[in-house]
Amino acid sequence: MAHNGGGTPGFLRETGQLVGAVGRAMGITLRNLFRRPVTVRYPDVKRTYPDRFRGILALTYDRETGEENCIGCRLCEYICPPQVIKVEMLKSEKRNYAKTFTLELYACEFCELCVQVCPTDAIIMLRTFDLATADRRSMLLDKDRLHALGMQFEPSWATGNKLRDMQAPPKPAKAAAEGAKGEAKEPAE
Amino acid sequence: MTLPPVAWHAIEAFVVLNALLILVAYVTLLERKFAARMQSRIGPYYVGRPHGWLQPIADALKLMLKEDIVPTASDRWVYNLAPIVFLVPCLLIFATIPFAPELGVADLNIGVLFFLAVSSLEIVGLFMGGWGSNNKYALLSAMRAVNQIISYDLPFVFVALVPVLLAGSLQMSAIVAAQQGLWFVAYPVLGQLAFVLFLVATLAAENRVPFDILEAESELVAGFRVEYSGMKFALIQLGEYAHMLGTSFLGALLFLGGWSGPWPAWFGPIAFLLKAVGIFLLVTWVRWSFVRIRVDQILAISWKLLLPASIVLLLATGFVVALRGAGGA
Amino acid sequence: MPDTQVVELGYGGNERLMMNMGPQHPSSHGVFRMILTLEGETVVAVDAVIGYLHRCHEKLGETLTYVQYPSIASKTDYVAAMTSELAYVSAVEKVAKLEVPKRAQYLRVIAAELQRIASHCLWLGTWCLDMGGALGGGATVFLYCIREREMILDLFEELTGARLLYGFHQIGGTRYDAPAGWDTKVRATMDFMAKRIDEYEAMLDRNAFFLVRTQGVGVISGELAQAVGVSGPLIRGSGVKYDVRRAEPYSSYQDFDFVVPVETAGDCYARYLVRMVEFRESIRIVRQALDGLPEGPISSRPGVKSVGQVRVPKGEGYARVEGARGEVGCYIVSDGGPKPYRMKWRGASFSNLAVLPHIVPGHKVADVVAIMGSVDPVFGEVDR
């Protein structure tokens, strides 16, 4: 706080400014004292996660038939940037399955690319992340564990087909647009 | 059964010391909760839900169980003795503070002088800690500390002498007695100015933001304490907070009337405690509202602003007292 | 190119102390090592050492395809992830000569400006934290800023599902569209932020302690700024009116009306003023973009179906965006396949840090912290 040598008026003005600044800052701190804290008391209280929350991964069963959705096509394995998914395909008469499906959750980036690329909506992300453990090996998820997680927790909104429909215009609108040569583009939602 | 006076004093000292340690521990919790609320969060919560009542005990236990690490290149004796040399004066100042008219370990007739002198001794412990750690950060911090605390102890003493002049005695109980009618902070201009200067000097002498350049966590990572861990660190923390509380008690006694006020006599000590904690919270409020300023700016404030102001204030007080004495009570 | 300054103070007899600040240090904003030569409390020379956070992004760019890399691009400037991704996808779109639909462009603008607000919240909070200490008023401002940043991260969480590293952009547009009710939430958050920014300004603008720490500290002259190649708020605080959004408008920025703040003092306080104005201008842009958000597809390419889906014809191109810290650029050389042949990042913080050896000598140790905070580096960008 250098004094500008302006004599008494300068000194008083500076002191006045200082007192004003001090008062303002302390006033704001005092105001915040009476605001409700924003802390969410996890784990006693959990906040609601939005629909698209990218949590831990899981494999799904078909809603109607109860069959596994995964056809072992390995697209997720190829697209995964840190290469944490490993799949072995099991060929069968009507459709293929995944013989083994391992996902190393401790190295996963949660980028949702595997969900995006899955043609059968088999792999999804869940609306939770609570898998804290003291042993990293329990985060190497195998196929049974992935299916169990899928049954246990709430799924997030995103599946492969939904994401792809969001990014490209849905087929009926595109056909209508091409047919009518108009720009009846549905807003992708 | 009558015990010899020595035994009585020993028991008093023991009680005061224990009460002090518990008070210091819970004052840290209070500060943490208060600061947290000012920052839109809750403070300690899990240990002793819902208000974190057991947090200070958990912290104390943790520090006691920690490994005692002594750096190999440190100056052994200096390093190990520093926390004790730091802590003892900070606890000793409580010996002179009376909590009620007859309640106090030693109500010396030079009480204020003893308090101010002994409380400055912590600098020795501080510098020993900085030097003995054999760490450049610690040394830098210790040098800044010596600079700052010595510079601010001067205005601190001068401002603390204003109530002494107004009361006419260095004895603490006499100062409180002189405030039976009107607390010194309510004196027209002198009292308020003196109180404000006292708070500023306290902030600096306690290394509280905005004057906490010596421990500047973001630059010097805990300053002179950087090499201490475990129980030695606990002793240093204890000393710091005890010193902080001590000067709060002194402020409450000198300016806010100690135990006197419009309440029955049995409420006096509790009121005294509340006043001291109130000053502590005021200092905490300031601490959590400002960024710190540089060391050369801190010294500039002390030597160019606080010291002349406090001397002028002291002279004015002397003048007023002389006039009052000449004209009658 | 001006010489690195070494100030001779001639203390006569005093030894010089070489002190190491970092790489683990509470205020080095990441892993950054500064070897300071001190005389007493004054810094006489600075030797900056970087590279502690090198994660081979440019090599990753050669091994990952155009479909995979945008999620990784956010990890360079992880505090302002949207602008980092935008630099990469813009570069690829430039090389491939892809059109981005209007709705995607507006969504990109909204994301980038919201990200700018969030990044400046973090800047203000960590700067005050460095200057005020972890146990002091700095922590208070830090927690207020983080509280507000959390609201913007909540918006991003609704949009993409992630709070810090989004994967929002893809080649040809964006990956996610705004969910129902999102724009109301954004508008409400912007109104709330405007009031909170008033509070920060009230706490800091004429605060004597703050002014005395930041005025006259770390002055970068206009010539030095242009010679060293800083960008962003650093160069705008030194009097040079340069903003990539105006110099080379990308992603429909020419449709929006906003002010580019310029201050001439060149010190930390000037950069603070520039960023505070940028807060408000970003809020204005977000409101304009929401008002004018057109309907339409969000990508000019079909949805991601396989990893090698995007093939870019041979060529090379450089795209730059105005990130929160300065000009972030990405240079792509393509050889016709699904992966780039070479990818180079121009990190804004990397060039900004080059100015440190010129401005730090002569200041005290406490000022080093203030200067680092006002330069606002993020070491993901510096070391990549």
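The values are calculated or read from the model by the stated rules, or taken from the named source; none is laboratory data. The structure displayed is predicted, hence computed values, not measured ones. We place every Cβ from the backbone using ideal geometry, glycine too, and count neighbours over all the protein chains shown. Please note that ligands, DNA and RNA were not included when accessible areas were found on the heavy atoms of the full protein model with its side chains. Shrake-Rupley method; radii C 1.70, N 1.55, O 1.52, S 1.80 Å.
Total Å² of accessible surface buried at the B-C contact, 1.4 Å probe, nearest 100? Let's see the in-between values first.
Working: alone 15840 and 15110 Å², together 28180 Å².
The B and C chains share an interface burying roughly 2800 Å².
Quote the charge dipole size of the protein assembly as shown about the Cα centre in Debye, to the nearest 20; the model charges only the Cβ of Lys and Arg (+1) and of Asp and Glu (-1). Intermediate results must be reported in sequence, preceding the final value.
Values: 89 positive and 87 negative charges, 281 e Å.
It works out to roughly 1360 debye.
In peptide B:26-38, what is the residue-averaged number of other protein chain Cβ atoms found within 10 Å of each Cβ?
Numbers: counts 0, 0, 0, 0, 0, 1, 0, 0, 1, 7, 4, 7, 14.
The shielding value for this peptide is 3.
Which one, C:SER251, C:VAL355, C:VAL312, is farthest towards the positive end of the dipole of chain C when Lys and Arg carry +1 and Asp and Glu -1 on their Cβ?
C:VAL312
To the nearest 10 square angstrom, how much accessible area does B:LEU274 have with a 1.4 angstrom probe?
Accessible surface of B:LEU274 is approximately 110 Å².
Over the Cα atoms of chain C, what is the Rg over Rh ratio if Rh follows Kirkwood? Numbers along the way, then the final one.
Working: Rg = 21.1 Å, Rh = 21.4 Å.
Ratio value, two decimals: 0.98.
Under a GNM of chain C (C-alpha, springs under 10 Å), which listed residue has the highest mean-square fluctuation: C:TRP345, C:TRP182, C:TRP127?
Highest fluctuation among the options: C:TRP182.
With +1 assigned to the C-beta of every Lys and Arg and -1 to the C-beta of every Asp and Glu, and no other charges, what is the dipole magnitude of region B:224-329 about the Cα centre in debye, to the nearest 20? Don't skip to the answer; put the middle values down first.
On the way: 8 positive and 3 negative charges, 27 e Å.
Once rounded to the nearest 20, the dipole reads 120 debye.
According to the square roots a ≥ b ≥ c of the eigenvalues of the Cα gyration tensor, what is the shape class of chain B, taking rounded for a/c under 1.5, prolate for a/b larger than b/c otherwise, and oblate for the remainder? Mind showing how you got there, number by number?
Numbers: a/c = 1.62, a/b = 1.31, b/c = 1.23.
Prolate, because a/c is 1.5 or more and a/b exceeds b/c.
Under 4.7 Å Cβ to Cβ, no partner at all: give me those cysteines from chain C, in residue order.
Those would be C:CYS56, C:CYS128, C:CYS268, C:CYS330, since no other cysteine Cβ in chain C comes under 4.7 Å of theirs.
Towards the positive end of the charge dipole of region B:75-323, with charges on Cβ (+1 Lys, Arg; -1 Asp, Glu), say which of B:THR284, B:GLY104, B:ALA252 has the farthest Cα.
B:THR284
Taking the Cα centre of the protein assembly as shown as the origin and placing charges on Cβ (Lys, Arg +1; Asp, Glu -1), which of C:VAL369, C:TYR66, B:GLN297 is farthest toward the positive end of the dipole?
Checking the options against the dipole of the protein assembly as shown, the answer is C:TYR66.
To the nearest 500 deg cm²/dmol, what mean residue ellipticity at 222 nm is calculated for the protein assembly as shown from DSSP H runs of n ≥ 4 alone, each contributing -39,500 (n - 2.57), summed and divided by the residues?
Numbers: 34 runs with 454 residues, N = 902.
Theoretical 222 nm ellipticity from helices: -16000 deg cm²/dmol.
To the nearest µm²/s, what D does Stokes-Einstein give for the protein assembly as shown at 20 °C and 1.002 mPa s, using the Kirkwood radius over alpha carbon pairs as Rh? The partial results should precede the final answer.
Numbers: Rh = 30.9 Å.
Stokes-Einstein gives a translational diffusion coefficient of 69 µm²/s.
I need to check one value: relative contact order of chain B, counting alpha carbon pairs closer than 8 Å and at least 6 residues apart, in percent.
Working: 458 pairs, mean separation 71.6, N = 329.
Reported as a whole number, the value is 22 percent.
Quick one: with all protein chains in place, what share of the accessible area of chain C is carbon or sulfur, to the nearest percent (1.4 Å probe)? Could you put the intermediate results ahead of the total?
Values: 6590 of 12090 Å².
That share works out to 54 percent.
Relative contact order of region A:94-169, please, whole-number percent, based on alpha carbon pairs below 8 angstrom and at least 6 residues apart. Walk me through the numbers on the way to the answer.
On the way: 68 pairs, mean separation 32.8, N = 76.
Taking the mean separation of contacting Cα pairs over the length of region A:94-169, I get 43 percent.
For C:TYR341, tell me the accessible area in Å² from a 1.4 Å probe, rounded to the nearest 10.
Per-residue accessible area (C:TYR341): approximately 140 Å².
GNM, chain C, Cα, under 10 Å: largest mean-square fluctuation among C:ARG147, C:ARG287, C:ARG236?
Ranking C:ARG147, C:ARG287, C:ARG236 by mean-square fluctuation puts C:ARG147 first.
Determine the total buried accessible area between chain A and chain C, counting protein heavy atoms only with a 1.4 Å probe; round to the nearest 100 Å². Don't skip to the end; give the middle numbers.
Details: alone 13510 and 15110 Å², together 25100 Å².
About 3500 Å² of accessible surface is lost on pairing.
Relative contact order, percent, of chain C when contacts are C-alpha pairs under 8 Å separated by at least 6 residues? Mind showing how you got there, number by number?
Numbers: 768 pairs, mean separation 105.9, N = 384.
Dividing the mean separation by the residue count of chain C yields 28 percent.
Quick one: which residues, 5+ away or cross-chain, put their amide H under 5 Å from the amide H of C:GLY173? H built at 1.01 Å from N.
For C:GLY173, the qualifying residues are C:SER300.
Helix B:136-167 versus the longest principal axis of chain B: what is the Cα-based angle in degrees, 0 to 90, to the nearest 10?
Value to nearest ten degrees: 10.
Quantify, in whole percent, the carbon and sulfur part of the accessible surface of region A:1-117 (1.4 Å probe; protein heavy atoms only).
56
Can you give the accessible area of B:VAL15, probe radius 1.4 Å, in Å² rounded to 10?
Accessible area of B:VAL15: about 90 Å².
Among B:103-114, B:197-208, how do they line up from the highest to the lowest mean number of other beta-carbon atoms within 10 Å?
Details: B:103-114: 17.5, B:197-208: 23.2.
Packing order, densest peptide first, comes out as B:197-208, B:103-114.
Using only the alpha-carbon atoms, how far is helix B:268-287 inclined from the longest principal axis of chain B? Give it as 0 to 90 degrees, nearest 10.
Roughly 60 degrees, rounded to the nearest 10.
Across peptide C:175-182, what mean number of C-beta atoms from other chains lies inside 10 Å of a residue's C-beta?
Details: counts 7, 7, 5, 3, 6, 2, 0, 1.
Per residue, the average neighbour count from other chains is 4.
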